[in-house]
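Structure, as structure tokens:
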Amino acid sequence: MRTLVIVGLCIAMNGCFWGPHWDLLRAKRDLVQEQAAIIKLYRGCLEKNQDDPAKAKSQCEHYTQSLQAIARI
């Protein structure tokens, strides 16, 4: 009986203890994945507009704004 109680407590504590920690790690992972996707799109935009730097700046500016917004989080 004692072993069953100890095992039950360990399982319950593990769920409570690791929940917020894992949620934070998942959130960080999601942010990094989002940054990587935006950078990939930004590079594609720059390559598409590489002949006209002024057009590239105006066309691709929203990617840099998105990356800055994510960096503030």
Sequence neighbours fewer than 8 away in the same chain don't count; with that in mind, list the aspartates and glutamates whose C-alpha is under 19 Å from K55.
E47
Taking K48 as the anchor, which lysines have their alpha carbon closer than 27 Å to its alpha carbon, excluding any fewer than eight residues away along the same chain?
K40, K57
Taking only Cα atoms of region 25-73, what ratio of Rg to Rh do you get with Rh as the Kirkwood inverse-distance radius?
1.08
Which ³J(HN,Hα) values in Hz, rounded to whole numbers, follow from the phi angles of region 53-62 under the Karplus curve 6.51 cos²θ - 1.76 cosθ + 1.60, where θ = phi - 60° and Gly and Pro get x?
x, 5, 5, 4, 4, 6, 6, 9, 4, 5
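Each reported figure results from applying straightforward, stated rules to the coordinates on display, with no laboratory input. Computed from a predicted model, the values in this text were never measured in an experiment.
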